1. Taking the stretch 65-83 as the search range and keeping residues that are under 25 Å from Pro19 (Cα atoms) and open to solvent by less than 30 Å² (accessible area, probe 1.4 Å), which one is nearest to the chain's Cα centre (by Cα)?
2. Is it the case, given these coordinates, that Ala16 is open to solvent by less than 50 Å² (accessible area, probe 1.4 Å) and within 30 Å of Gly117 (Cβ to Cβ)?
3. Taking only pairs six or more apart or across chains, which ones have beta-carbon atoms under 6 Å, a first residue in the stretch 1-25 that is within 18 Å of Val91 (Cα to Cα), and a second residue that is in a helix (DSSP H, G or I) and open to solvent by 60 Å² or more (accessible area, probe 1.4 Å)?
4. In the set Ala23, Ala27, Ala62, Ala88, which member is open to solvent by less than 30 Å² (accessible area, probe 1.4 Å), within 24 Å of Leu103 (Cα to Cα) and within 15 Å of the chain's Cα centre (by Cα)?
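The values are calculated or read from the model by the stated rules, or taken from the named source; none is laboratory data. Remember, it's a predicted structure, so these values are computed and weren't measured experimentally. Because the Cβ atoms are built from the backbone with ideal geometry, glycine has one as well, and the counts that use them run over all protein chains shown. Accessible surface areas use protein heavy atoms only, side chains included; no ligands, DNA or RNA. Shrake-Rupley method; radii C 1.70, N 1.55, O 1.52, S 1.80 Å.
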Amino acid sequence: MVRLEGRQWGLVVLVALTPFFFAFVLAALAPGLVQPVLGTVLGGASWMLAALLGLLGAALFAGCLSALTASSEAPPSRMRRALHLTAASLVPVGLCLVPALCLLLAGPVLALRLEHGEGVLREEPSRSPQQRLMEGLLYQLPRLLPHVRGMQLR
């Protein structure tokens, strides 16, 4: 692992703090989200997991940045440095930061639903397998044929 420069460590810290920053922004924009997060295990666990994903993303970013820096022998040009930075940031953003932001949003919503007694999954009225098959077939028919003789749902 190649030693990173000071500005590169600053970028690693920014990646690590991204979920914390968005948590504070969400808390400032929607103060109603803070109570479900702090008051329920599910909400708190989702935000804690988002913070851990941010730290994992920072470690991954540092590793990718180090590997890309080690691959170049001569001092890279500005364009090459920008490409290295972009390539090194794609992996942690896709694998860690996007799921962390989704957890920041989904955790309080799920906690509120469970707190109000609503189920996460809604139950559909039971239908026979034949009715489900007929609905599926009718759904797949082109819109040019809205009515097919002899096929009616009962």
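1. Leu65
2. no
3. Ala16/Leu55
4. The match here is Ala23.
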